[in-house]
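Read the structure below first, then the notes.
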Amino acid sequence: MTLRGAKSCTSGVQPATVWLRQSRQSSFRADVPFYNAGVQELTEVFHAFAVRAAPRTAAALILCTLLSSLAQGTDLSTLSSKVWNHGSPDCASNRDPAIEVFRFDPATYILRQNKCLHFEAPFIYVLFGEHTVFIQDTGATADAERFPLYETVRSLITERSAGLPGEELKLLVTHSHGHGDHVAADGQFRGKPGVTLVEPSAQEVRRHFGFENWPEGEAKIDLGGRELIVMPAPGHQEASIAVYDAATGWLLTGDSLYPGRLYVDDWRMYKASVERLVAFAKARPVSAVMGTHIEMSRVPGQQFPAGSSFQPDEAPLALKVEDLMQLDQGLRKAGDDPETIGTDHFVVTPVGALQRMISRIVKFFSRQPR
Ligand SMILES: [Zn+2]
Ligand SMILES: [Zn+2]
């Protein structure tokens, strides 16, 4: 299990010291926008009507946009209290599904890979628009038998489309970045009807989104009544991007920022990327910062050991804009010299030249057919 995982983000990197800090008692729940069940239900009903009954009309677009903006106030507190499947002390006895499916709202899903299938247990985002489904990342396991990601997405599409007229939804598959624990099941999507798969190399990402001045600039993705903004965010990895979804207010940050160990490969690039994300978050309503792993416990500053296949009492997946600001401040304070930055909710861990070399050696010797 560990060797297989060596192809992924944390490969060959030793776990940092466990930080035990005084709690600041900060709480995501305390700051989340209000929950308005009525708005959520109305959004569901009218969005379904607008999408299915009149997909091409301007009125439908306006209605969807209006309701999407209202939906920003939906239940983010569910994210802070959500207990994800988190592996087992004895994985042989683990009976959790390979993929946990969490429906945030009728058009927004978060999937998590079973920690006993792969300790990285990455999160995958599935966002529905009127004509396109956006999928960020394909997980850490290629094998469709053990990790049926494509089939899971198809079943979500079938469920959403049930009994409703309309054309088949297209699929757009992109990646938060190119590490092995986020691209492994690409082969399940490649070549399938209606699927556009953006290959995870930095070159392909630039070409597909038309970034002529990488890492500057923004690109837009139109899902139909739902728009995403894509931003370059290299530093953790050269092809890293961030994605903003105006419908939820989520800023998807991949491995650049999540509740865990943030490995920084290119310090200067990473600093600049975080600065740009902060500027973006100041200009837009960001309700939550959504990454792709959990490696911290609910005890502030406490990490689970690297490679854990059992993580009881995990920290919430969603971080706040304040965490992004804190990351930026920590990086500014560190200046041009990479250093470890420990906080209650994440730990920045520079990947030194020696660690990079060890990582590459481990990767070389741990290659396995997928
Ligand atoms: Zn990574
Ligand atoms: Zn990762």
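The values are calculated or read from the model by the stated rules, or taken from the named source; none is laboratory data. Keep in mind that what you see is a predicted model, and the values were worked out from it rather than measured. Glycine gets a Cβ as well: all are built from the backbone with ideal geometry, and neighbour counts include every protein chain shown.
Scanning the range 291-302 for residues that are among the polar types (S, T, N, Q) and more than 16 Å from ligand 1 (Cβ to nearest atom) yields a total of 2. Every test in (1) touching an Asp or Glu at 6+ places or on another chain (Cβ under 9 Å); (2) assigned to a strand (DSSP E or B); (3) surrounded by fewer than 23 Cβ atoms within 10 Å (Cβ to Cβ) is passed by Thr196 save one, and that test is (1).
Scanning the range 184-208 for residues that are more than 16 Å from ligand 1 (Cβ to nearest atom) and of a type in the set (D, E, K, R) returns Arg190, Lys192, Glu199, Glu204, Arg206, Arg207. Select from the range 279-304 the residues that are within 16 Å of ligand 2 (Cβ to nearest atom) and out of contact with any helix residue (DSSP H, G or I) (no Cβ under 9 Å at 6 or more places or on another chain) and write down the one among them that is nearest to Val83 (Cα to Cα). Looking at residues that are within 16 Å of ligand 2 (Cβ to nearest atom) and out of contact with any helix residue (DSSP H, G or I) (no Cβ under 9 Å at 6 or more places or on another chain), I get Ile294.
Checking the stated criteria, Arg332 turns out to be at pLDDT 95 or above and assigned by TED's automatic domain parsing to the domain that holds His175. Filtering the range 186-216 to residues that are out of contact with any Phe, Trp or Tyr (no Cβ under 6 Å at 6 or more places or on another chain) and of a type in the set (A, V, I, L, M, F, W, C) leaves Val198, Ala202, Val205, Phe209, Phe211, Trp214.
In the range 120-183, which strands (runs of 3 or more DSSP E) lie fully inside it and hold 3 or more residues that are within 16 Å of ligand 1 (Cβ to nearest atom)?
123-128
In the set (1) within 16 Å of ligand 1 (Cβ to nearest atom); (2) surrounded by 21 or more Cβ atoms within 10 Å (Cβ to Cβ); (3) at positive phi, Gly307 fails one condition alone, (2). A single member of Asp323, Asp313, Asp344 is at pLDDT 95 or above and either within 20 Å of Gln237 (Cα to Cα) or in contact with a His (Cβ under 8 Å, 6 or more places away or on another chain) (or both), and it is Asp323. Please tell me if Ala142 is free of Cβ contacts under 8 Å to residues at least 12 places away in the same chain and either of a type in the set (Gly, Ala, Ser) or farther than 22 Å from His177 by Cα (or both). So Ala142 fails the test.
For Glu339, the criteria (1) assigned to a loop (DSSP other than H, G, I, E, B); (2) within 16 Å of ligand 1 (Cβ to nearest atom) hold in every case but one, which is (2). Restricting Ser88, Ser155 to those that are free of Cβ contacts under 8 Å to residues at least 60 places away in the same chain and over 18 Å from Thr292 (Cα atoms) reduces the list to Ser155. Select from the range 159-211 the residues that are among the acidic types (Asp, Glu) and within 16 Å of ligand 2 (Cβ to nearest atom) and write down the one among them that is farthest from Leu149 (Cα to Cα). This residue is Asp181. Among the conditions (1) touching a strand residue (DSSP E or B) at 6+ places or on another chain (Cβ under 6 Å); (2) buried (at least 17 other Cβ atoms within 10 Å of the Cβ); (3) within 26 Å of Glu130 (Cβ to Cβ), Pro215 misses just one, which is (3).
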